[in-house]
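The next block holds one structure in the form of structure tokens; read it before the comments.
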Amino acid sequence: MGRIYSLSKDEIEILRIGRDDPNLITNYFFRGEGMDRGFIFDYNFTEEGKWQQMVHQASQTRIVVIGGFGSGKTQGVAISASTWAMTTIDFKFMNAAPQAWQSELMYRFLIDRAEDTPFEKLIYEKPKRPYPKIVLKFYVGNHLINSSLEFMSVDQNASQILSWDGDWLNIDEAGL
């Protein structure tokens, strides 16, 4: 943390070809030491229940996912946003939730999932105050990528949410 990582030629190629098959990116960048595989969208889903990769690659600008407890919403959106943050110049994502603890679930999932993975090398900082945030900074050749994943709540960060400007906003528990 605090050092800016330079991607290898192989890692750049994974990001390039992974735009069409994001599992190439997630399998590499989210594979911890000793793991057989990294994160794979829709892994262990039934054929008719698969939705994560479809949402990740959707061309629509507004998507609603209605899924029950344990349906992979937090993980799927977190990994998708992280993948876009790696493949889009200066990408900015926010996960907003009614309560701080709800929004922080995604932050904690990503921090835990990143441990001992290539993705962890891309994390420049991960402050928890004034709200949880993961800043990715890395070089692709001579070009600096500077992306952020922010995790805010209506109960503690309402004014920041109202003035926020970015690429992708996920609203957790939107009905509340």
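No lab work stands behind these numbers, since they all come straight from the coordinates. This is a predicted model, so every value here is computed, not measured. All Cβ positions, even for glycine, are placed from backbone atoms using ideal geometry, and neighbour counts span all protein chains on display.
Electrostatic bookkeeping for Asp167 treats Lys and Arg as +1 and Asp and Glu as -1; over the other residues with beta carbon under 12 Å from its beta carbon, the sum is -2. For the chain, the spread of Cα coordinates along the three principal axes comes to 45, 40, 31 Å, biggest extent given first. What the phi angles of region 84-96 give under the Karplus curve with 6.51, -1.76 and 1.60, with θ = phi - 60°, is a coupling list of 5, 5, 7, 10, 10, 5, 6, 6, 10, 10, 9, 9, 10 Hz, glycine and proline written as x.
Here the calculated FRET efficiency for Val140 and Lys50, from their Cβ-Cβ distance with R0 = 30 Å, stands at 0.50, rounded to the nearest 0.05. In the chain, the DSSP-assigned H stretches of four residues or longer account for a calculated mean residue ellipticity at 222 nm of -11000 deg cm²/dmol, using -39500 (n - 2.57) per stretch and the full residue count as denominator. For region 156-165, the Karplus equation 6.51 cos²θ - 1.76 cosθ + 1.60, evaluated at θ = phi - 60°, returns couplings of 10, 10, 4, 5, 5, 5, 5, 9, 5, 9 Hz by residue, with Gly and Pro reported as x. Between the amide H of Asn95 and those of Glu150, Phe151, Met152, Asn170, distances stay under 5 Å, these residues lying 5 or more places away or on another chain, with hydrogens modeled in the peptide plane.
Restricting attention to the chain, close to 45% of DSSP beta bridges with both partner residues there are antiparallel. The phi torsions of region 130-138, fed into the Karplus equation with coefficients 6.51, -1.76 and 1.60 and a -60° offset, translate into couplings of x, 8, x, 7, 10, 9, 9, 9, 7 Hz, rounded to whole numbers, with Gly and Pro shown as x.
Gln75 sits among other residues whose Cβ lies under 14 Å from its own Cβ, and their net charge, with Lys and Arg +1 and Asp and Glu -1, is +1.
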